[in-house]
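Below is one structure, written out as structure tokens; comments come after it.
The values are calculated or read from the model by the stated rules, or taken from the named source; none is laboratory data. Note that the structure is predicted; figures quoted are calculated from it, not measured. Cβ placement follows ideal geometry from the backbone for every residue including glycine, while neighbour counts extend to all protein chains displayed. These area figures cover heavy atoms from the full protein model, side chains too; ligands, DNA and RNA do not enter into them. Shrake-Rupley method; radii C 1.70, N 1.55, O 1.52, S 1.80 Å.
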Amino acid sequence: ASCTNAHASRSFLRRRTRRPTDSHPFLARSMDHEADRGSGFDASAKGIFGGRRRRACPSDQRNASAARLNHAAKSERLLMELMAAQAKFEAARRPAPSKTFVDASTGLRLRVCEWKSAGDVEEANAVFLHGSCDQGSVWNDVCLRLCAKEAVQACYGPDMRGHGGSARSSSGRCDARVLAEDLRSLVVEKDLYRAPLMLVGEGEGACVAVRLAALCPQLVGSVVCINYAADVNVRPKHVMQGKHWSDRKYATLDVWSNDPKLEPEPVLQLVDLRVVEDIERGGCRTKMDPNWCFESKREERIHDFAAISCPLLLIRGEMSNMCTDEELESTQRMATKAPLCKIRVIKEHGEHLSVSCPGKLSRILTRWLQVTEDFYHVSDPESRRPELLNIRPLPEYGSVAEAMAALRPRAIPTPKMIADELAKLRADDEQSSDAESDVGYVTGLAKEPADYYGFVG
């Protein structure tokens, strides 16, 4: 999206010199748009490096065209670097994780990425929680390394609601409590309650991990927070949320502009995770729910850190803008109940540590698992039943007779019992159909063969 020939450059500059003054802002913006369109500088690429437009002073107006051409030239250089890295990225692509679906108790279906160790190891299970605009497979490189070292028995990376392959909520609004309930449902459905878990989260995922550790301490062996602290102002929406691009290269430049410290290969990996083709409008768009909104209050975050009773590890990228060393130290002082709380800083890296430095991150997690291995040990397996852990409530009955009728062993149905039940169903069905209309119909059960009810019984 650059102006390469001299004639177009002169035309672009000539239009800019005749721009109306700020006394006619509407006409001025119209001529700006026309100049951008005539120069070939696309609107989606214009906002990549320039940020949101604001009213310029006269000196800025004189330099506007030169700045735009510099931006276009920089875009061209970055695109050339990305094209050169594309072949290397495709060659180094790792195998994708296996994916399953879990029906949460909140009524949503969640997609879960799974990684398992090759050997029969008796190590802890780990659950990895991504931040906004990502999905569970963003942890692929880290989890593959942990499973190859047999540091864990298995790794699980769920897609948060509104992300990846998981369902979207009707309103789009959610908070740490709702997402922690989704995570608790995953623990129950996957039988991960048999031993305490290691929870690893980045950004909003770390907020959810801390909330689950505060609500259900019996399920969590340790918590690892990446680029997250109690005083961090969690953003309700992501900067790329709801965006649309006319071409995938503009989306790639947009991702890189949000974190220019990343190398080309991690940028391409993030684009694969975050961007999908837009079939309706053409071009491409972000995968996440455009209405997704995360709500978190500082008082709740402080309370959750103060309630953690398991080991806590705070990891920060040295060049990260998400949190500072002072905020990590303040969070460390808040975790008064944690038996162990450590801080690790990864040099020469910022955000997206799962794709920018998966090797360093996996080594830190492996060492952390060794230090905290006593917190995942279970002495009495019978005590890890979901009813005793208060994550699957026991059924309640009004009387002993009602409980005996519901819980006592049932006899295997005979052919005569099956025939009687079918006759009763047909009689009830005929009565209900006569009462409602003259047209008879059959229920879903009555359409099944007679021997089907033997298996049901």
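A few points about this structure:
- Residue, farthest from the chain's Cα centre (by Cα), within the stretch 272-308, restricted to residues that are among the basic types (Lys, Arg) and not in a loop (DSSP other than H, G, I, E, B): Arg298
- One residue stands out among those in the stretch 250-300 that are acidic (Asp, Glu) and open to solvent by 40 Å² or more (accessible area, probe 1.4 Å): the one that is farthest from Glu318 (Cα to Cα), which is Glu280.
- Some residue of the stretch 396-414 being in a loop (DSSP other than H, G, I, E, B) and among the polar types (S, T, N, Q): yes
- Qualifying residue in the stretch 326-335 (condition: assigned to a loop (DSSP other than H, G, I, E, B), open to solvent by less than 50 Å² (accessible area, probe 1.4 Å), touching a residue at least 60 places away in the same chain (Cβ under 8 Å) and farther than 29 Å from Pro266 by Cβ): no
- Residue in the stretch 77-97 that is within 18 Å of Leu361 (Cα to Cα), modelled with pLDDT of 65 or more, surrounded by 22 or more Cβ atoms within 10 Å (Cβ to Cβ) and not aliphatic (A, V, I, L, M) present: no
- If the condition is being of a type outside the set (A, V, I, L, M, F, W, C) and either assigned to a strand (DSSP E or B) or in contact (Cβ under 8 Å) with a residue 60 or more places away in the chain (or both), then the stretch 309-323 contributes Ser309, Pro311, Arg316, Gly317, Ser320.
- The condition (being open to solvent by 100 Å² or more (accessible area, probe 1.4 Å), of a type in the set (A, V, I, L, M) and modelled with pLDDT under 90) is satisfied by just one residue among Met319, Met404: Met404.
- A search for C-beta distances below 7 Å between a residue of the stretch 361-375 that is open to solvent by 20 Å² or more (accessible area, probe 1.4 Å) and any residue that is among the hydroxyl-bearing types (Ser, Thr, Tyr) and not in a helix (DSSP H, G or I), counting only pairs 6+ apart in sequence or on different chains, returns Phe375/Ser222.
- Members of the stretch 336-351 found to be at pLDDT below 90 and surrounded by 16 or more Cβ atoms within 10 Å (Cβ to Cβ), listed by number: His349, Gly350, Glu351
- Test: residue in the stretch 194-201 that is farther than 26 Å from Gly350 by Cα and touching a strand residue (DSSP E or B) at 6+ places or on another chain (Cβ under 6 Å): yes
- Number of positions in the stretch 383-395 that are open to solvent by less than 90 Å² (accessible area, probe 1.4 Å) and either assigned to a loop (DSSP other than H, G, I, E, B) or farther than 16 Å from Leu197 by Cα (or both): 5
- Selected residue [surrounded by 22 or more Cβ atoms within 10 Å (Cβ to Cβ) and either charged (D, E, K, R) or free of Cβ contacts under 8 Å to residues at least 40 places away in the same chain (or both)] from Arg194, Arg184, Arg211: Arg211
- Scanning the stretch 140-158 for residues that are among the small types (Gly, Ala, Ser) and surrounded by fewer than 24 Cβ atoms within 10 Å (Cβ to Cβ) returns Ala148, Ala151, Ala154.
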